[in-house]
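Notes for the one structure printed next.
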Amino acid sequence: MTQPTTNKSLVNLLPQLVSTDNGLAQDVRQGLSQNPKKLSSRFFYDAKGSQLFQQIMELPEYYLTKLEHQILSRQRKEILYAIDTATPFQLVDLGAGDAYKTKLLLSELVASKVDFSYVPLDISEDQLNLLLEDLHHRWPQLPVTALAAEYFQGLAWLNQEKPQRKVVLFLGSNIGNFHLQEAQEFLCTLRKSLNPHDSLLLGLDLRKDPEKMRRAYADAAGVTSAFNLNLLHRINKELHADFDLDQFQHFAEYDPLEGTMRSFLISRKAQQVHIGALNETFEFEAWEAIHTENSYKFSLRQVEEMAQACGYRVQDVYTDASHGFADVLLRPVES
Ligand SMILES: C[S@@+](CC[C@H](N)C(=O)[O-])C[C@H]1O[C@@H](n2cnc3c(N)ncnc32)[C@H](O)[C@@H]1O
């Protein structure tokens, strides 16, 4: 299960999840049987999806990565000072992806000869293998344990196998993929895995001009569209389905009352789709939607309320120059 490569290893906990396909079949069966239909955004990131997400991060319209990159590049010294790098710790990166922005912190920590190890945790094993290779070239001496796992599965393993002070990163507004209530539940569950001397750096997209947000999720070049449609391609490939990708279209809209950007795949006509691995056929009406993603946009007051309700205090708030994105440093309160 563990493949050592010098001081870097990958621990794959995915086979322990409910089914051998990381829950994809179960999610697809449940999601397409309900009304309205939905698919979970956590399945976006197969090898092709991860590659498309990297292209999204480079799009002129996709401000999220640029704003958080600005925060971490300009304020990384303050952030690292605030988390206390004098005692050894694990830097646990939840949903690490390609760790593009985390590398700003890693380079600072390595240059300052801080005693820490890096734990990127992601449900995409492909993504972790690419990351391990990159980290091996950049920082051969850096100890890395990559965890291919669901968030809480990985954290439970870490607490059991390698208990140490933790600095947890949850960047890129990943928490925005939950409904507000789920986001709070996530923070409260996460709190149970943390000790008072641990920290959590939470990246959040803040409310702003709805047009700017809409363009970020429906770019002119059509990369977000390809990213969303890749979910159907993945289901075709892994679950032997026959989705005709030309007969579905990407649509994204912002709901200013809820503060949520929602993405959908819309069936252009009445059609049936057979999913071989499920031995089931699903009916789509013309213009029926599959809800594929929520991207919640926060106000700082909401973040503070959620944090308090779950037993954290807000230690610091770091924002970019336009106040469009925030990295909030939370500390568990002693209970
Ligand atoms: C939007 S990317 C963010 C990557 C990076 N943290 C950043 O800020 O750019 C989200 C990442 O979270 C991972 N992910 C999504 N759901 C997950 C889950 N339930 N458990 C573990 N990883 C998950 C995806 O595979 C993907 O690599």
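The values are calculated or read from the model by the stated rules, or taken from the named source; none is laboratory data. Just so it is clear, the model here is predicted, and its values are computed rather than measured. Using ideal geometry, Cβ is built from the backbone for each residue, glycine included, and neighbour counts are taken over all protein chains shown. The accessibility values were calculated without ligands, DNA or RNA, using every heavy atom of the protein model including side chains. Shrake-Rupley method; radii C 1.70, N 1.55, O 1.52, S 1.80 Å.
Key figures
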read-out	value
Test: Ala146 is assigned to a helix (DSSP H, G or I) and either of a type outside the set (Ser, Thr, Tyr) or open to solvent by 50 Å² or more (accessible area, probe 1.4 Å) (or both)	no
Some residue of segment 87-99 being assigned to a helix (DSSP H, G or I), open to solvent by 10 Å² or more (accessible area, probe 1.4 Å) and modelled with pLDDT of 95 or more	no
Scope segment 131-179; condition more than 21 Å from Ile83 (Cα to Cα) and in contact with an Asp or Glu (Cβ under 7 Å, 6 or more places away or on another chain); matching residues	Leu131, Ala148, Gly176, Asn177
Close pairs from segment 55-80: first among the charged types (D, E, K, R), partner more than 15 Å from the ligand (Cβ to nearest atom) and outside any loop (DSSP other than H, G, I, E, B), Cβ under 6 Å, at least 6 apart	Glu61/Arg215; Arg76/Glu108
Set Gln70, Gln51: member being more than 14 Å from the chain's Cα centre (by Cα), within 14 Å of the ligand (Cβ to nearest atom) and at pLDDT below 95	Gln51
Among (1) within 29 Å of Val223 (Cα to Cα); (2) in contact (Cβ under 8 Å) with a residue 60 or more places away in the chain; (3) assigned by TED's automatic domain parsing to the domain that holds Arg215 - the single one Glu280 does not satisfy	(1)
Whichever residue in segment 80-122 is over 21 Å from the mean Cα position of the chain (by Cα) and among the small types (Gly, Ala, Ser) and, among such residues, is farthest from the ligand (Cβ to nearest atom)	Ala86
Strands (runs of 3 or more DSSP E) enclosed by segment 264-335 - at least 1 residues per element that are on the phi < 0 side of the Ramachandran plot and more than 24 Å from the chain's Cα centre (by Cα)	271-275, 280-284
Residue satisfying all of: in segment 182-200; hydrophobic (A, V, I, L, M, F, W, C) and not in a helix (DSSP H, G or I); nearest to the ligand (Cβ to nearest atom) among these	Leu200
Qualifying residues in segment 146-181 (those that are more than 15 Å from the ligand (Cβ to nearest atom) and within 18 Å of the chain's Cα centre (by Cα)) - the one modelled with the highest pLDDT	Gln181
Test: Gln184 is within 19 Å of the chain's Cα centre (by Cα), of a type in the set (S, T, N, Q) and in the same structural domain as Ala99 (by TED's automatic domain parsing)	yes
Filter result for the condition that a residue is buried (at least 18 other Cβ atoms within 10 Å of the Cβ) and closer than 20 Å to Pro140 by Cβ, over Leu109, Leu72, Leu67	Leu109
Per-region count, segment 29-48, residues touching a residue at least 24 places away in the same chain (Cβ under 8 Å), over 14 Å from the mean Cα position of the chain (by Cα) and assigned to a loop (DSSP other than H, G, I, E, B)	2
Per-region count, segment 265-310, residues surrounded by fewer than 21 Cβ atoms within 10 Å (Cβ to Cβ), in contact with a Phe, Trp or Tyr (Cβ under 9 Å, 6 or more places away or on another chain) and under 13 Å from Pro36 (Cα atoms)	3
In segment 241-258, the residues that are open to solvent by less than 30 Å² (accessible area, probe 1.4 Å) and assigned to a strand (DSSP E or B)	Ala241, Phe248, Ala252
